[in-house]
Amino acid sequence: MVAMKDDERIKKLIEGALTKDIRINLPECDVRITCKDGTATLAGTVNNIAGKRLAQRLAEQVEGVRQAYDLLDVAIAHQMGHKEITQHIRHAFIQERNLEEEHIDIETDIDGHVILRGHVHSLVQHRLCEVLSWWVPGVRNVRNLIVIVPHEEDSDEELKDNLMIILEKDPLVDPKHFRIQVRDATVTLRGRANSDIEKAAAENDCWFTPGVVDVKNQLTVG
């Protein structure tokens, strides 16, 4: 009985933490939180990739949570068949000259979930595979199980370099007027964006990138 009360208390603390962060916008999301013996599971749908990344991180910071599992999907504007999603991702991988796409397996389902398996030779390739998958319309979740061979140490400087490469590949973004700072895996974007669409796309690209824990979007539009 005590454990059940603890689980209920932790669940309410997680709900409170998610409600306080306006980027998650919990009242307009379909998020289901369960907790058992200090293990929290987040399921349902959030409005954007920022909400998905933040929800797990905030849950992990709640006192009493030993582990938080992220099963959240991101809401999509248009449905796409899973075979079409696979084709789009495969095509995007083929277009990357430095990516040996034949070593990557792509698994999709009718709910827009993507699982990536295989191996690549660098952190930037690992990150790029996930971001390219998120860019495909209809994708609601990406599980990146790709292994980096040989192992490569990560750092803020590495993450910054990877983000610049990713932003330069996004047709919605022209990062030549951007300044990127990465500290403890928190990304700060400064500079000028040409439109609100570009500003939002740049922030989303950062959130799509594995290893990023938070994004501060200080881009001005004009």
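What do you get for the angle between helix 82-95 and the principal long axis of the chain? Use alpha-carbon atoms, 0 to 90 degrees, nearest ten.
50 degrees
Along Cα→Cβ, 7 Å out, is where each label goes; now give me the distance between the ones at Arg190 and Glu15 in nm to one decimal.
Computed distance between label sites Arg190 and Glu15 equals 4.1 nm.
Between Asp37 and Tyr69, what is the label-point separation in nm under the 7 Å Cα-to-beta-carbon projection?
Between Tyr69 and Asp37, the label points sit 1.3 nm apart.
Compute the distance in nm between two label points, each set 7 Å from the Cα along the Cα-to-Cβ direction, one at Gln56 and one at Val147.
In this crude label model, Gln56 to Val147 measures out at 2.0 nm.
Could you name the aspartates and glutamates whose alpha carbon sits less than 18 Å from that of Lys5, not counting residues in the same chain fewer than 8 places away?
Glu15, Asp37, Glu63
Which percent of the accessible area of the chain is formed by carbon and sulfur heavy atoms (probe 1.4 angstrom)? Show your work: numbers first, answer last.
Details: 6020 of 11920 Å².
Its accessible area is 50 percent carbon and sulfur atoms.
Of Val114, Met80, Leu99, which is farthest along the charge dipole of the stretch 77-117 in the positive direction, counting Lys and Arg as +1 and Asp and Glu as -1 at C-beta?
Met80
For the stretch 123-150 and the stretch 1-72, what is the separation of their Cα centres, given in Å?
When both Cα centres are located, 24 Å separates them.
Using Cα positions and a limit of under 22 Å, work out the lysines in reach of Lys20, with same-chain residues fewer than 8 apart set aside.
Result set, ordered by chain and number: Lys11, Lys12, Lys52, Lys216.
Please calculate how many Å² of accessible area the chain carries per residue, with a 1.4 Å probe and no DNA, RNA or ligand atoms counted. Could you put the intermediate results ahead of the total?
Values: 11920 Å² over 222 residues.
Heavy-atom SASA per residue in the chain reads 54 Å².
Considering the chain as a Gaussian network with a 10 Å cut-off on Cα pairs, which listed residue, Leu42, Leu145, Leu159, attains the greatest mean-square fluctuation?
In the Gaussian network model the winner is Leu145.
Which loop-located trypsin sites (Lys or Arg not before Pro) does the stretch 96-204 contain, where loop means any DSSP state but H, G, I, E or B and the Cβ has at most 11 other Cβ atoms within 10 Å? It would help to have the intermediate numbers written out before the result.
Values: sites: Arg97, Arg117, Arg127, Arg140, Arg143, Lys160, Lys169, Lys176, Arg179, Arg183, Arg190, Arg192, Lys199; in loops: Arg97, Arg140.
Hits after loop and neighbour filter: Arg97.
Would you mind counting up the charge near Ile85? Only other residues with Cβ under 13 Å from its Cβ, with Lys and Arg at +1 and Asp and Glu at -1. Mind dumping the intermediate values first?
On the way: positive: Lys83, Arg90, Arg140; negative: Glu84, Glu107, Asp109, Asp111.
Residues close to Ile85 contribute a combined charge of -1.
The values are calculated or read from the model by the stated rules, or taken from the named source; none is laboratory data. Bear in mind that the values here come from a model prediction, so they are computed numbers and not experimental data. Backbone-built Cβ (ideal geometry, glycine too); neighbour counts: all protein chains shown. Just so you know, the surface numbers come from the protein's heavy atoms only, side chains and all, with ligands and any DNA or RNA stripped out. Shrake-Rupley method; radii C 1.70, N 1.55, O 1.52, S 1.80 Å.
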